[in-house]
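To keep things clear, I will list the structure first and then write my remarks on it.
The values are calculated or read from the model by the stated rules, or taken from the named source; none is laboratory data. Not measured: the values here are computed from a predicted model. Counting neighbours? That spans all protein chains shown, and the Cβs are built from the backbone with ideal geometry, glycine included.
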Amino acid sequence: MKRTGDHLRHPLKVARGLGSAKDGTGHFIIQRITAIALVFLGLYVVWLLVSGGAADFATARATVGHPFHATLLIAFLVAMFWHTQLGIQVIIEDYVHTAGWAVLLQLANRFVCILAAIASVLAVIRIALGA
Amino acid sequence: MANHQRPLSPHMQVYRWQIQMVTSILHRATGIILGVGSLLIAWALIALAAGPEQWGHFSAAARSPLGFLVLFGWTWAFAYHLINGLRHLLQDAGRSFDIPGFVRNSWISVIGSLVLTALVWAVAMMQGGAA
């Protein structure tokens, strides 16, 4: 960790939560970036569902597998699960104050969001590649 | 003299409901709903990649009365989180922080979400498939 000034302070003091970790706005910024992306990608997915909601298996596969839709769908999935993970994280931080439960739920939140993101992106790639 | 009637932190039972708190609570609630919905989107794509039989299971669930209710609820949660999210982004940019503007925009979020939901389903019905 880069330290500026104050060399008399031991880094451990920072690590123990007595100083800034220098990434305080990271969560805020990524939540906003994914939010702006999801304004466009979310409307696109709703349009996709409304225009092709009654499609049969072959048509649905052909649509999802089209390079244009596959690209935007993967962008949507990454932004959505990232945004979801950040949002649920804040809710757990705000309402769960028991140390054990807080850690357990934070872990579960990350594992579920990341696994679901990987699984659904892999599904789109398999469809796009005709697997 | 000590005043024992001093107000405490907002206890929900005695706190007068106002639109500002409604929009705040709904943003979190719809966020959780959309989080669960994201797992259903993952299920849909995994089923589509797995084959006609798996897709049939998903499709049947989506077309059941409960599936219809979930889709309708998801649409409203999406519409609300979208419009209120845009409102939050505008507030992040420092706009509309005065109380009359805040109240007016809150109502736009609530009523706008109902209008957008109705619009999406009207178009979906006209497309001939109830999703």
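Assigned to a helix (DSSP H, G or I), touching a Gly at 6+ places or on another chain (Cβ under 6 Å) and farther than 20 Å from B:S59 by Cα - does that describe any residue in region A:31-45?
Residues of region A:31-45 that are assigned to a helix (DSSP H, G or I), as a first pass: A:31-45.
Adding the requirement that they be touching a Gly at 6+ places or on another chain (Cβ under 6 Å) leaves A:35.
Imposing the further condition that a residue be farther than 20 Å from B:S59 by Cα reduces the set to A:35.
There is at least one residue in region A:31-45 that is assigned to a helix (DSSP H, G or I), touching a Gly at 6+ places or on another chain (Cβ under 6 Å) and farther than 20 Å from B:S59 by Cα.
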Note: among A:T71, A:T34, just one is over 20 Å from B:G73 (Cα atoms), among the hydroxyl-bearing types (S, T, Y), crowded, with 20+ Cβ neighbours inside 10 Å and modelled with pLDDT of 95 or more, namely A:T34
Condition set under 30 Å from B:R63 (Cβ atoms) and of a type in the set (A, V, I, L, M, F, W, C), scope region B:79-110, selection farthest from the other protein chains (Cβ to nearest Cβ): answer is B:V110
A:A58 passes all but one of the listed conditions (1) loosely packed, with under 12 Cβ neighbours inside 10 Å; (2) modelled with pLDDT of 95 or more; (3) facing chain B (nearest Cβ under 9 Å); the exception is number (2)
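What are the residues in region A:43-55 that are at the interface with another protein chain (Cβ under 7 Å from one of its Cβ atoms) and within 24 Å of B:H81 (Cβ to Cβ), if any?
Filtering region A:43-55 for residues at the interface with another protein chain (Cβ under 7 Å from one of its Cβ atoms) gives A:46, A:49-51, A:53-54.
Matches in region A:43-55: A:V46, A:L49, A:V50, A:S51, A:G53.
Residue by residue, here is whether (1) more than 9 Å from every other protein chain (Cβ to nearest Cβ); (2) farther than 28 Å from B:G85 by Cα; (3) among the aliphatic types (A, V, I, L, M) holds:
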{"residue": "A:V39", "(1), (2), (3)": "no, no, yes"}
{"residue": "A:A62", "(1), (2), (3)": "yes, yes, yes"}
{"residue": "A:P67", "(1), (2), (3)": "yes, yes, no"}
{"residue": "A:L77", "(1), (2), (3)": "no, no, yes"}
{"residue": "A:W101", "(1), (2), (3)": "yes, yes, no"}
{"residue": "A:L104", "(1), (2), (3)": "yes, yes, yes"}
Inside region B:67-92, the number of residues satisfying the requirement of being under 21 Å from A:A60 (Cβ atoms) and of a type outside the set (F, W, Y) is 4
| query | Out of all the residues in region A:107-114, is one or more within 9 Å of another protein chain (Cβ to nearest Cβ), without any contact (Cβ under 8 Å) to a residue 40 or more places away in the chain and β-branched (V, I, T)? | reply | yes
Just to be sure before I move on: is B:G35 buried (at least 17 other Cβ atoms within 10 Å of the Cβ), in contact (Cβ under 8 Å) with a residue 12 or more places away in the chain and assigned to a helix (DSSP H, G or I) in the structure I sent?
no
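Residue-by-condition table, conditions (1) exposed (fewer than 14 other Cβ atoms within 10 Å of the Cβ); (2) among the small types (G, A, S):
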residue	(1), (2)
B:S64	yes, yes
B:G67	no, yes
B:L71	no, no
B:W76	no, no
B:I83	no, no
B:R87	no, no
B:Q91	no, no
Quick check on region B:65-86. Is at least one of its residues within 13 Å of the chain's Cα centre (by Cα) and more than 22 Å from A:Y44 (Cβ to Cβ)? no
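Answer with yes or no whether B:L116 is within 15 Å of the chain's Cα centre (by Cα), facing chain A (nearest Cβ under 10 Å) and within 26 Å of B:P65 (Cα to Cα). Please lay out each step first, then the result.
Numbers: within 15 Å of the chain's Cα centre (by Cα): yes; facing chain A (nearest Cβ under 10 Å): yes; within 26 Å of B:P65 (Cα to Cα): yes.
Yes.
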Every listed condition ((1) more than 9 Å from chain B (Cβ to nearest Cβ); (2) under 22 Å from the mean Cα position of the chain (by Cα)) holds for A:L73 save (1)
